[in-house]
Amino acid sequence: MNFGRLASQLAETATENTYSGTYLVQHNQQDIAAGSFGYANRAELLVNRSDTRFGIASGCKLFTAIAVCQLVEQGKLSLDSPLAACMDTAQFPLFDPAITVHQLLTHSSGIADYFDEELMDDFEELWITKPMYTLRRLADFVPMFSSQPMKFTPGERFHYNNAGFIVLGLLVEELSGMRFTDYVEQHIFRACGMEHSGYFAMDALPGNTALGYIEDEQGGWRTNVYSLPVQGGSDGGAFVTAPDMLLLWQALLDHRLLSPELTSLLLTPHMHEENEEYYGYGVWITKRGDEVFKYHVMGYDPGVSFHSAVYPASGVSAAMLSNASRGPFRLLETVEEFILE
């Protein structure tokens, strides 16, 4: 493979698309292409760097799935047990008692979502009636979906669901005795060596963290501080660096986070979404014929866009993080075009 050509192609793609963010591509855990473009803080003209932290929105559902599987390994729950056997479900009076942890992990539980992508397309509309600054703990999200009826019978089909991952985070809290974000930072981030990543509050971001920016109709920009929950949790909202994200993939595939058996189960294509796209536990899986082409995660919020993938046959892994609402997808396409040549 001509990695020098890939590096040039990625830089060209980033420039052509006015990319704001950072990317890193590795082959067999060695850096082969990296770049940083745009500003982490536009007002202060602070540029994005290779070690800048970015929000990754739903990209961190993988962390939640790993946390749940770790508790399975510890014998604290079973993937196929009804949810009521694992936690107090009194706060969810309309849940079907047959819902299992497996169905929550695979977006097939049938519960109503607080942001239903089949019905809504503007995430910011949620905060008209529910101020975003009140959402600091997982329990703060529960009133947004707990009184809504089931959408379908558990296990009937795939339907992407943020609320299901809120429930999984609450399950982690109940069984571990720790706040969800503390659990992930201690048992996943530290185990991977992800020293620069965390679940930071939007009103207390640490240094070297990119502010998210939203472009308005006149071509101006505003930050996303009023567009997202003030602190992320089990359905999304962690901040990571590009090198840290690739450390996560490496630790997962080296079985340093889960046993080979649970790792395999997490990466199994449990649900068929469409075409060659499948879903495991917190991870998307793309197949080409009978073979896995990539394991990948993604996240989109106002002022946040993120893609990261591992291509097992080629030994290539990639992380594209942006503090704008678009950009990483085209970069990942460039990587895939190179791999498929």
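With everything on Cα atoms, drop me the angle between helix 162-176 and the longest principal axis of the chain, reported from 0 to 90° to the nearest 10.
Tilt relative to the chain: about 70 degrees.
In the range 147-244, which GluC sites (Glu not before Pro) are in a loop and have at most 15 other Cβ atoms within 10 Å, using DSSP for the loop call? Could the numbers behind the result be given before it?
Working: sites: E156, E173, E174, E185, E195, E215, E217; in loops: E156, E195, E217.
Passing both the DSSP loop test and the Cβ count: E156, E195, E217.
Give the long-range amide H neighbours of E273: residues separated by 5 or more places, or on another chain, with amide H under 5 Å away, using H modelled in the peptide plane at 1.01 Å from N.
Long-range HN contacts for E273: Y278, Y279.
Taking the Cα atoms only, what angle lies between the long axis of helix 328-340 and the longest principal axis of the chain, rounded to 10 degrees?
70
Nearest 10 degrees, 0 to 90: what angle lies between the long axis of helix 3-16 and the longest principal axis of the chain (Cα atoms)?
For 3-16 against the chain, the angle is about 80 degrees.
Per residue of the range 225-231, what does 6.51 cos²θ - 1.76 cosθ + 1.60 with θ = phi - 60° give for ³J(HN,Hα)? Whole Hz please, x for Gly and Pro, Karplus curve as stated.
4, 9, 10, 10, x, 5, 9
Sort M194, M271 so that the residue with the fewest other Cβ atoms within 10 Å of its own Cβ comes first and the one with the most comes last. Kindly include the intermediate steps, with their values, before the conclusion.
Working: M194 23, M271 19.
Ascending Cβ contact count within 10 Å gives the list M271, M194.
In the structure displayed, which of K151/K287; K76/K294; K61/K151 lie more than 25 Å apart, Cα to Cα?
Working: K151/K287 29 Å; K76/K294 31 Å; K61/K151 21 Å.
Beyond 25 Å: K151/K287; K76/K294.
Convert each backbone phi in the range 320-325 into a coupling constant with the Karplus relation 6.51 cos²θ - 1.76 cosθ + 1.60 (shift: θ = phi - 60°), then list the ³J(HN,Hα) values in order as whole Hz, x for Gly and Pro.
Karplus-based 3J(HN,Hα) across the range 320-325 equals 10, 10, 9, 9, 10, 7 Hz.
Every number here is computed from the coordinates shown, using simple stated rules; none is lab data. From a predicted model like this one, the values you see are computed outputs, not experimental measurements. Quick reminder, even Gly has a Cβ in these numbers, built from the backbone with ideal geometry, and neighbours come from all protein chains shown.
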